[in-house]
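**Q** Okay, handing you the structure first.
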Amino acid sequence: MSGKNIKAGVIVFPGTNCDMDTKRACEFFGWETEFMWHDETSLDKYDVVFLPGGFSYGDYIRAGRLARFSPVLMALNGYVAKKRGFLVGICNGFQILCEAKLLPGILSVNDNTKFICEETRLSFEGKEITLPIAHGEGRYIADENTLQEIKSKKMDFLKYTNNPNGSIEDIAGLWDKENNIIGMMPHPERAIFAETGNTNGRSFFEMLESYILSLRGEALASTRQSK
Amino acid sequence: MQTETKPELYKALGLTDFEYAEIQKRLGREPNKLETYLFSAMWSEHCGYMHSRKYLSKFPIGGAVSHGENAGGIQIGEHVIVFKVESHNHPSAVEPFQGAATGIGGIIRDILAIGARPIALLDSLKFGKITDNFSKHIFDGVVRGISHYGNCIGVPTVAGEVGFDESYTDSPLVNVMAVGIVKKDKIRSAKAEPNKVVIVVGSHTGRDGIHGASFASKELNENSKEDRPSVQVGDPFIKKVLIEATLEILDLKEVQSCQDFGAAGLLSSSSEMAYKGECGIDLHLDRVHLREDGMQPWEIMLSESQERMLFVVEEEGVEKVLNIAEKYEIPSSIIGNTTETGCFKLFWNAEEVANLPPEILAEAPKYTLNEEEPEYINEYRNLTLDKNIPINEAVEKMVCDPNFASKKWVYRQYDHTVGTRTAVKPAQSGAAGIWIHEEGGVIGLAIDSNGRQVFLNPHEGAKNSVWECCRNLISSGFKPLGVTDCLNYGNPEKDEVAYQFVKSVEGIADACREAKAPVVSGNVSFYNESPDRRVFPTPTIGMIGYTNSADKLLKAAFSNKETVILLGKEITDDSNTGGSLYQRVLYDFIGGEVDKTNADLEKKFEETIFELRDNKLIGGCIDVSEGGLFGAVFEGVKNGNTGFKGSLIFCKDEEKALFGEITGRYVISTAELEKTKKILQSKQVQYKILGKCVNNIMEFDKYSFDLRKLYDLYDKSIELEMER
């Protein structure tokens, strides 16, 4: 699958722990992948930037709360505004995106008040898949207006079929298609390799790849037009 | 130097008259006050292994890598899998959440000090009865502590065991095993060489955990809660950062050796480095970065503040180490250097405040223990169980007993998939599987103990604990390779305990020799008793195994229409089933003779199972342990979502037949009965066809059960009790 020339960046905060898993998943698809420390500010070389899972800054105050003040988050605002590429937050990354208001709503403590680690059934783009979840604060909450917006913009691309944590409307992930921002609690990067018994995560990365390539096509077309 | 040391001081610090006289003799002088503090920690049971060292030398170590370092390992290809199990029993009894959390922190640092990246955690937990409110509180706190800490540092908790028995009410056992991976040529030693710089990297040193080592070396009583300041507080966020920083620092060629700060903090880490490297060390305690003002030299030396590492570095590498610490925003300080003097010297504002030969500090006296068989052994051996309850009632009681029931409530709280290496998840088979993509295969990890059997027969019980761990690995498709052990006992100064310890250590040594699995590392925890109760002698065995391909893994799940076969002995009315779980659960009984293991048979089953597997003849494979033959069949049926119709009872005592525990047994399922029989016959192993897998049915002999009801009891028992 090489030769597609896709470049991915994986942001590492103190306390991030899914950075290596995310990099290995990207590399499985032949994407050139780099880590960047949380003080990085030049992001334009990346077709996709990941905020991986973990406990950034120890989850003090609330999961994702402190990471939004880091230099790389400031730079991400610019990356999104100019539609340079995709921004994907997984687990703690989704929490950071919500705390930073890059996605609507918030993630709160699971309704059983405990950390939950298991394989969860999900509906993804109309088909059923199974992905691992591992979080203590994964219960998605949003007010009525926000939910209306989510529905009208069709942002709820990933839903639990057996809601494990009490998320409203079974929401497991959101995709802001205008700004190319994706946030999700399940871990597709942990379901790539056959040795781990689950390869369902590949469908997410394959979808992402096709969107990255089509975004590149659009950018190319608009450059030609302006010439 | 201050010179006077009053008897009140050394006694208050836990040193005996004999030990103090020994110190005077070896030093050729009185130790000063600070030095007395140092000895009180280094010559505590926890650091000095005084009652155990003599006996631990019986363990076979051939084939182990890095034995005698912070953790040992087994070589697989170009890599070494480093592993060790350690107890954090006493702190967990007093403060379960922090006690368990810092237990993980401590064992992770041992792995890290070798230069290995931690890739998996396992735990063996023992509590009093789950219906007892105090035990419930400890259980809940320990699980939350492990969940909080393990999940945060990004190391998956992939397997474990949880047991409940009245004997653990006052002294719960919290044993944590950590596993790491390192390239063979990147292994670091704790041995220091002279003329290098000594640097502390990590958290500020505070007053927490002072005398943790001597705290762990005494019995718990009602005043133990006053020991709460002796329990350290962990910060998994700083630990995660420290893991990354340490691995980056150890990648520098100028870094010569590394030690973690464990029991007795800076004192034991620095003196062991000097001792192992046969060099001297000068430490300037006023240069250590501190969390609070006014700390005394002895407090700085004994502090067990978490998340600290000690490095010995060549002069040219110092700047690089400090820069890495700064990148991760971790404090660090240069506190001294190694020397050619052969002396362990401490300074406070340039004044020498202690000067001791490291070998005297490190080599605490070795005690010889009682080996005479205590009376209770014979007494219990001759007890017989002659009660019976209806089988339907017995089956229901067994499936919802928390020792047997599903542990999902526990492992659902542990992140067991982070790291993307988990090839076999909790409850899928007898051992967890961690994919070693660096080498292409999968390591198997198991942890097991059986206090009841060791109590009845320390030698045979301990042997069977090792073989039981082997069976867990073999039934999952792994070849057993190496052992780590955590030896949990009562007060070794008491004759009964001394005998239990000595005989079970010999049992472990014998079994490991027979199984050709060296003991690469280990830990001893004594004094697990209160004035009212003593724990069953509980040697916890942790093992690793390997298979070179994920395709060779076996699952503990049967499929519909397969034939179920018992490999091994049938239970007869004469079988020795002493120590079986059902006797304790149904009748609160413990007694009788423990079944003896047979190494040749165990080896033969290993060969047979692997041959069946390589011929793709095995559907599911389960070793027969707690819950007996019924337990194994039930597990296979439940995991495979099928059912069973056949026969399980081959003697008059029906409960014994169903639930009795004897050694060397597996249950397998196969879709190809004739081919399987051919191999079993050619291997000349004993086997018996038990029945067939039939959807949604549980029928054996004259009994039948509603499977859904049994599943419900099994799945929800612990959760219902804990959420009550």
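The values are calculated or read from the model by the stated rules, or taken from the named source; none is laboratory data. Note that the coordinates shown come from a computational prediction; the quantities given were computed from them, not determined experimentally. When we count neighbours, we look across all protein chains shown, and the Cβ atoms used for this are built from the backbone with ideal geometry, even at glycine. Surface areas here come from the heavy atoms of the whole protein model, side chains and all, with no ligands, DNA or RNA. Shrake-Rupley method; radii C 1.70, N 1.55, O 1.52, S 1.80 Å.
**Q** In region B:571-591, what residues are in a loop (DSSP other than H, G, I, E, B) and crowded, with 22+ Cβ neighbours inside 10 Å?
**A** B:ILE571, B:THR577, B:GLY578, B:GLY579, B:SER580, listed by residue number.
**Q** Further question on the same structure: If A:ARG139 passes every condition in (1) within 14 Å of chain B (Cβ to nearest Cβ); (2) of a type in the set (D, E, K, R); (3) without any contact (Cβ under 8 Å) to a residue 60 or more places away in the chain but one, which one does it miss?
**A** Checking A:ARG139 against (1) within 14 Å of chain B (Cβ to nearest Cβ); (2) of a type in the set (D, E, K, R); (3) without any contact (Cβ under 8 Å) to a residue 60 or more places away in the chain, the one that fails is (1).
**Q** Now for a separate question. Mind listing just one residue for me: the one in region B:619-669 that is among the β-branched types (Val, Ile, Thr) and in contact with a Cys (Cβ under 6 Å, 6 or more places away or on another chain) and, of those, farthest from B:LYS688 (Cα to Cα)?
**A** Looking at residues that are among the β-branched types (Val, Ile, Thr) and in contact with a Cys (Cβ under 6 Å, 6 or more places away or on another chain), I get B:THR642.
**Q** Determine which member of the set B:VAL483, B:VAL497, B:VAL520, B:VAL442 is more than 19 Å from the chain's Cα centre (by Cα), in a strand (DSSP E or B) and surrounded by 24 or more Cβ atoms within 10 Å (Cβ to Cβ).
**A** Criteria check complete, one pass: B:VAL442.
**Q** Got a sec? Which strands (runs of 3 or more DSSP E) wholly within region B:606-697 have at least 1 residues that are more than 24 Å from B:ARG452 (Cβ to Cβ) and either open to solvent by 10 Å² or more (accessible area, probe 1.4 Å) or among the hydroxyl-bearing types (Ser, Thr, Tyr) (or both)?
**A** Here the list reads B:644-646, B:666-670, B:687-692.
**Q** Here's something else I'd like to know. Within region B:107-140, can you find the residues that are modelled with pLDDT under 95, over 15 Å from B:GLY542 (Cβ atoms) and open to solvent by less than 10 Å² (accessible area, probe 1.4 Å)?
**A** Of everything in region B:107-140, those that are modelled with pLDDT under 95, over 15 Å from B:GLY542 (Cβ atoms) and open to solvent by less than 10 Å² (accessible area, probe 1.4 Å) turn out to be B:ARG109, B:LEU112, B:ALA113, B:ILE114.
**Q** With respect to A:SER2, is the statement that it is modelled with pLDDT under 95 and more than 14 Å from chain B (Cβ to nearest Cβ) true?
**A** In short, yes.
**Q** Here's another thing I want to ask about it. Quick check on region B:546-564. Is at least one of its residues on the phi > 0 side of the Ramachandran plot and open to solvent by 10 Å² or more (accessible area, probe 1.4 Å)?
**A** Yes: region B:546-564 contains one or more residues that are on the phi > 0 side of the Ramachandran plot and open to solvent by 10 Å² or more (accessible area, probe 1.4 Å).
**Q** Looking at region A:15-47, which of the residues that are open to solvent by 10 Å² or more (accessible area, probe 1.4 Å) and in a strand (DSSP E or B) is nearest to the other protein chains (Cβ to nearest Cβ)?
**A** Here the answer is A:TRP37.
**Q** Next question, about the same structure. Note down all Cβ pairs under 7 Å where the first residue falls in region B:181-195 and is among the basic types (Lys, Arg), the second is at pLDDT below 90, and they're at least six residues apart or on different chains.
**A** Partner pairs satisfying both residue conditions: none exist.
**Q** With the requirement that a residue be open to solvent by 10 Å² or more (accessible area, probe 1.4 Å) and more than 14 Å from chain A (Cβ to nearest Cβ), what does region B:400-439 give you?
**A** Of everything in region B:400-439, those that are open to solvent by 10 Å² or more (accessible area, probe 1.4 Å) and more than 14 Å from chain A (Cβ to nearest Cβ) turn out to be B:CYS400, B:ASP401, B:PRO402, B:ASN403, B:PHE404, B:GLY430.
**Q** Of all residues in region B:62-96, count the ones that are of a type in the set (S, T, N, Q) and in a helix (DSSP H, G or I).
**A** 2
**Q** Contact list please: Cβ distance under 7 Å, first residue in region B:234-255 and within 14 Å of chain A (Cβ to nearest Cβ), second residue open to solvent by 30 Å² or more (accessible area, probe 1.4 Å) and among the hydrophobic types (A, V, I, L, M, F, W, C), pairs at least six apart or on different chains.
**A** Matching pairs, first to second residue: B:PHE237/A:PHE55.
**Q** Among the candidates B:GLY336, B:GLY317, which residue alone is surrounded by fewer than 24 Cβ atoms within 10 Å (Cβ to Cβ), more than 26 Å from B:ASP208 (Cβ to Cβ), modelled with pLDDT of 95 or more and over 33 Å from the mean Cα position of the chain (by Cα)?
**A** Result of the check over B:GLY336, B:GLY317: B:GLY317.
**Q** Could you list, in sequence order, all residues of region B:546-601 that are under 30 Å from B:LYS645 (Cβ atoms) and of a type in the set (Gly, Ala, Ser)?
**A** Those that are under 30 Å from B:LYS645 (Cβ atoms) and of a type in the set (Gly, Ala, Ser): B:ALA556, B:ALA557, B:SER559, B:GLY568, B:SER575, B:SER580.
**Q** While we're on this one: I'd like the residue in region A:145-198 that is within 14 Å of another protein chain (Cβ to nearest Cβ) and of a type in the set (Asp, Glu) and, out of all such residues, is farthest from B:LEU553 (Cα to Cα).
**A** Per the criteria, the residue is A:GLU189.
**Q** Show the residue pairs meeting these rules: Cβ distance below 9 Å; 6+ apart or different chains; first residue within region B:57-71 and over 25 Å from B:SER271 (Cα atoms) and free of Cβ contacts under 8 Å to residues at least 40 places away in the same chain; second residue open to solvent by less than 30 Å² (accessible area, probe 1.4 Å) and assigned to a loop (DSSP other than H, G, I, E, B).
**A** Short answer, once both residue conditions are applied: none.
**Q** Kindly indicate whether any position in region A:196-211 is part of a helix (DSSP H, G or I), without any contact (Cβ under 8 Å) to a residue 12 or more places away in the chain and buried (at least 22 other Cβ atoms within 10 Å of the Cβ).
**A** Yes.
**Q** Which residues, taken from region B:156-167, are more than 13 Å from chain A (Cβ to nearest Cβ) and touching a Pro at 6+ places or on another chain (Cβ under 7 Å)?
**A** B:ALA159, B:PHE164
**Q** Filter region B:445-460 for residues that are closer than 20 Å to B:VAL85 by Cα and in a helix (DSSP H, G or I); which is nearest to the other protein chains (Cβ to nearest Cβ)?
**A** The qualifying residue nearest to the other protein chains (Cβ to nearest Cβ) is B:GLY451.
**Q** Moving to a separate point now. Only one of these is farther than 27 Å from B:ASP595 by Cα and touching a Leu at 6+ places or on another chain (Cβ under 8 Å): B:LYS645, B:LYS675, B:LYS688, B:LYS692. Name it.
**A** B:LYS675
**Q** Does B:ALA557 satisfy the criteria of being farther than 23 Å from B:ILE76 by Cβ, in contact with a Gly (Cβ under 6 Å, 6 or more places away or on another chain), of a type in the set (A, V, I, L, M, F, W, C) and not in a strand (DSSP E or B)?
**A** Taking the combined requirement at face value, the residue satisfies it.
Matching residues to (1) more than 14 Å from chain B (Cβ to nearest Cβ); (2) at pLDDT below 85; (3) farther than 20 Å from A:ASN179 by Cα:
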position: A:VAL49; (1), (2), (3): yes, no, no
position: A:PRO52; (1), (2), (3): no, no, no
position: A:ASP59; (1), (2), (3): no, yes, yes
position: A:SER70; (1), (2), (3): no, yes, yes
position: A:VAL88; (1), (2), (3): yes, no, no
position: A:CYS91; (1), (2), (3): no, no, no
position: A:PRO104; (1), (2), (3): yes, no, no
position: A:LEU107; (1), (2), (3): yes, no, yes
position: A:ASN112; (1), (2), (3): no, no, yes
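**Q** Another question, if that's okay. Out of all the residues in region B:251-278, which are over 25 Å from B:ILE324 (Cβ atoms), open to solvent by less than 50 Å² (accessible area, probe 1.4 Å) and assigned to a loop (DSSP other than H, G, I, E, B)?
**A** B:ALA263, B:ALA264
**Q** Under 9 Å between Cβ atoms, which residue pairs at least 6 apart in sequence (or on different chains) link something in region B:138-155 that is over 13 Å from B:ASP123 (Cα atoms) and away from every other protein chain (no Cβ under 11 Å) with a partner that is charged (D, E, K, R) and surrounded by fewer than 24 Cβ atoms within 10 Å (Cβ to Cβ)?
**A** If the second residue must be charged (D, E, K, R) and surrounded by fewer than 24 Cβ atoms within 10 Å (Cβ to Cβ), the pairs left are B:GLY141/B:GLU95.
**Q** State whether the residues of region B:362-375 include one that is within 30 Å of B:GLY631 (Cβ to Cβ) and in contact (Cβ under 8 Å) with a residue 12 or more places away in the chain.
**A** no
**Q** Can you tell me how many residues in region B:1-60 are acidic (Asp, Glu), farther than 30 Å from B:ALA511 by Cα and surrounded by 13 or more Cβ atoms within 10 Å (Cβ to Cβ)?
**A** The qualifying residues number 4.
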